[in-house]
Structure formats: C-alpha cells, structure tokens
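Asker: Please see the structure below; I have some questions.
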Amino acid sequence: MTTPTTLNDMLSAIPERAVAHVVREDDLFTLLRPKFLSPRLQWFQRLLRRPHFKVKLDAVGTCLWAHMDGARTGYELVEILRLAFGEKVEPADERTAQFLLKLTEGRFVRLMQP
C-alpha cells in the first residue's frame, strides 16, 4: 500500500507492526529496527555491534504501539488514546496520524487497507 496522503486515509488504514520492541525499566517501549532491511545484507547485520536502530517511545507512543495488533484502524487507536490520556492528547486524531506517518516512513509499521 502506498502511504496515505490525507488524515482520513491514514486513520482508516490498519497499522501492522514490522519490527520488534523491548520494554524499558520505566515500562515504556523501545522499537528495534534492523539497520539493513535487505535480505542480501542480513549476513552483514549479524557482524555489527549494534545491528538495530533504537527508537524510544514516550507514554503516548507506547500506548499506541501496544494497541497496534493488525486488526485496529487508526480511528480505533485514536479512541484508545483519548480514553487513556483524555484532553492531554488533543488533537488526538492529528497526533495519531502523524505518529503513524512517521512509523510508516521509517518502515516500523506497514499500513493495510481495511
């Protein structure tokens, strides 16, 4: 799927995780994306001291990531975010769409059509 261009398109899509994560001591997530995504370079990846890019998520990002199960749409994630954080995350729809866009561009998630 190509990257959605409108807010509605982004939130209608279903994000699916494409990378692993670890839980830090503060119960927040750190995403681990391999430095080389090409299968031809996987052998080289194993030789690196730090084979992954690490992206630390805040509480909002961790909440969104935890609920990305490949079944929920972006709109459903917005509602979960509002229930968890209230008005502190408004505008939640724009914030969620921006988060999904960045994760898609960084190849941390894949967006699927509903």
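Asker: Specify the residue that is surrounded by the fewest Cβ atoms within 10 Å (Cβ to Cβ); the eligible residues are those in segment 75-105 that are closer than 18 Å to residue 31 by Cβ and touching a residue at least 40 places away in the same chain (Cβ under 8 Å).
Answerer: Step by step, filter segment 75-105, then rank; the result is 105.
Asker: Among the listed residues 79, 94, identify the single one that is of a type in the set (Asp, Glu) and over 11 Å from residue 10 (Cα atoms).
Answerer: Criteria check complete, one pass: 79.
Asker: Find the helices (runs of 4 or more DSSP H) located wholly in segment 8-114 whose residues include 1 or more that are on the phi < 0 side of the Ramachandran plot and at pLDDT 90 or above, and list them. Spell out the reasoning first.
Answerer: Details: elements: 42-45, 59-67, 74-85, 92-105.
Of the helices (runs of 4 or more DSSP H) lying wholly inside segment 8-114, those with at least 1 residues that are on the phi < 0 side of the Ramachandran plot and at pLDDT 90 or above span 59-67, 74-85, 92-105.
Asker: Which members of segment 52-61 meet the condition of being within 14 Å of residue 19 (Cα to Cα) and either β-branched (Val, Ile, Thr) or surrounded by 15 or more Cβ atoms within 10 Å (Cβ to Cβ) (or both)?
Answerer: 52, 55, 57
The values are calculated or read from the model by the stated rules, or taken from the named source; none is laboratory data. Model, not experiment: these values are computed from the prediction. Note that each Cβ is placed from the backbone with ideal geometry, even for glycine, and that neighbours are counted across all protein chains shown.
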